[in-house]
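Chemist: Dumping the structure here so I can ask a few things about it.
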Amino acid sequence: MQEKESNRNILCIMGWEELKERQRSESEELLMQSVYRLEPAYWVGVRPVEDCLYGAFCFHENLEAKRRVVSAAFLLNEREFLMVVLRDEKNVLKEVPLSGEREGMEETMEAVFEGILKRGQQKVEEMEKYLIDMEQEIVGGKISRNRNRSIFECKRLLTVWKNDYAQFLNMVEGINGLGEKKKENQKPFLNEESACYFRVYENKLRRLTEEIQFLYEELVHIREVLDAALSYEQNRIMKLFTTVTTIFMPLSLIAGWYGMNFEGMPELHWRYGYIFVSALSILVLAVCFWFFRKKKLF
């Protein structure tokens, strides 16, 4: 927890247990009651509460879409930024660089939201590199049995990221929308510096969600590449089987023809009959091999 007060700005970031046990100010009491009314497990977004903006957001476990690993709520107005961290199993908010040397609430608020954005960008970059490597392996002919499972897991990851960051973007859009709407009538929720930051941050977050959507579409493309590679491999195997079968069909005909053993067959008692049939079979094999090589069938 870090707390800093000046003539103008107040900022505070704390855990839920700390908020319940400490002697609370009016703003902190308002934040606590807002969390009770709109718990982030069931509600994510932003709404005006008295002369402040109350917001809540959460992020879920990558492979368990219903399990929250990050959950927080905040209260924001022209001179205050209060945040309570309800859950942070992945240290998304604990890793935010909050030092005592910061000069105002805008710097701390920026560190919180930029930390969330930076983590999202790192995940997107890692996923992009993983998908590029996967596509390169598929094009190179490295097709494993578990490739479909890997694609499915990537799809689940991207779906969770897309939903979480889309909700987070909606919250930031709500901050900007409510801030502009308030300015038309009464005292603004945000000072000019904070309002400017959230407008810029909205654009950054929108680009992140677009990158996640692009990766989702790229995953569909990789699945199509995998299907094409599997079809090509199956066709290659079938072509090989067909070629081998075609080569041995004339030999089957020769074996069937000379296996009848009729008394009237000229070659039946011929001294060189066996050598003749063997030479004929070798000749047929050589002609078939030459023909298929010429047609580049193998």
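Chemist: Could you please tell me which pairs satisfy a Cβ distance under 7 Å, a separation of 6+ or placement on different chains, a first residue in region 111-124 that is within 12 Å of TYR197 (Cβ to Cβ), and a second residue that is of a type in the set (Val, Ile, Thr) and open to solvent by less than 10 Å² (accessible area, probe 1.4 Å)?
Modeler: none
Chemist: Taking the criterion of being at pLDDT below 90, closer than 21 Å to ILE212 by Cα and out of contact with any Gly (no Cβ under 9 Å at 6 or more places or on another chain), would at least one residue in region 73-89 satisfy it?
Modeler: Checked against the condition, which is being at pLDDT below 90, closer than 21 Å to ILE212 by Cα and out of contact with any Gly (no Cβ under 9 Å at 6 or more places or on another chain), region 73-89 yields no hits at all.
Chemist: Kindly list the number of the only condition in (1) part of a helix (DSSP H, G or I); (2) more than 30 Å from CYS52 (Cα to Cα); (3) open to solvent by 60 Å² or more (accessible area, probe 1.4 Å) that fails for LEU157.
Modeler: The single condition LEU157 does not satisfy is (3).
Chemist: Can I ask one more? Scan region 284-295 and give yes if some residue there is among the charged types (D, E, K, R) and under 30 Å from ASN146 (Cα atoms), otherwise no. So that I can check it myself, show each step before the final result.
Modeler: First pass over region 284-295, keeping only residues among the charged types (D, E, K, R): 293-295.
From the residues that got through so far, the ones that are under 30 Å from ASN146 (Cα atoms) too are none.
Within region 284-295 (the criterion being among the charged types (D, E, K, R) and under 30 Å from ASN146 (Cα atoms)), the answer is no, since none of the residues qualifies.
Chemist: For region 79-89: of the residues being of a type in the set (Asp, Glu) and open to solvent by less than 50 Å² (accessible area, probe 1.4 Å), which is nearest to ARG24 (Cα to Cα)?
Modeler: GLU80
Chemist: With the condition kept exactly as written, say whether any residue in region 178-187 is assigned to a helix (DSSP H, G or I), on the phi < 0 side of the Ramachandran plot, open to solvent by less than 70 Å² (accessible area, probe 1.4 Å) and of a type in the set (Lys, Arg).
Modeler: The answer is yes, given that some residue of region 178-187 is assigned to a helix (DSSP H, G or I), on the phi < 0 side of the Ramachandran plot, open to solvent by less than 70 Å² (accessible area, probe 1.4 Å) and of a type in the set (Lys, Arg).
Chemist: Taking region 259-274, which residues are surrounded by 10 or more Cβ atoms within 10 Å (Cβ to Cβ) and of a type in the set (A, V, I, L, M, F, W, C)?
Modeler: MET265, LEU268, TRP270
Yes/no per residue for (1) β-branched (Val, Ile, Thr); (2) open to solvent by less than 100 Å² (accessible area, probe 1.4 Å); (3) in a helix (DSSP H, G or I); (4) touching a residue at least 12 places away in the same chain (Cβ under 8 Å):
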| position | (1), (2), (3), (4) |
| --- | --- |
| ILE212 | yes, yes, yes, yes |
| TYR216 | no, yes, yes, yes |
| LYS239 | no, yes, yes, yes |
| THR243 | yes, yes, yes, yes |
| LEU253 | no, no, yes, no |
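Chemist: Name the one entry in LEU226, LEU190, LEU208 that is touching a residue at least 60 places away in the same chain (Cβ under 8 Å) and not in a helix (DSSP H, G or I).
Modeler: LEU190
Chemist: Condition (residue is surrounded by fewer than 10 Cβ atoms within 10 Å (Cβ to Cβ) and modelled with pLDDT under 80) applied to region 275-294: is it met by at least one residue?
Modeler: no
The values are calculated or read from the model by the stated rules, or taken from the named source; none is laboratory data. The shown structure was predicted, so the numbers you read here are calculated from the model rather than taken from an experiment. Quick reminder, even Gly has a Cβ in these numbers, built from the backbone with ideal geometry, and neighbours come from all protein chains shown. For accessibility, only protein heavy atoms count, side chains too; no ligands or nucleic acids. Shrake-Rupley method; radii C 1.70, N 1.55, O 1.52, S 1.80 Å.
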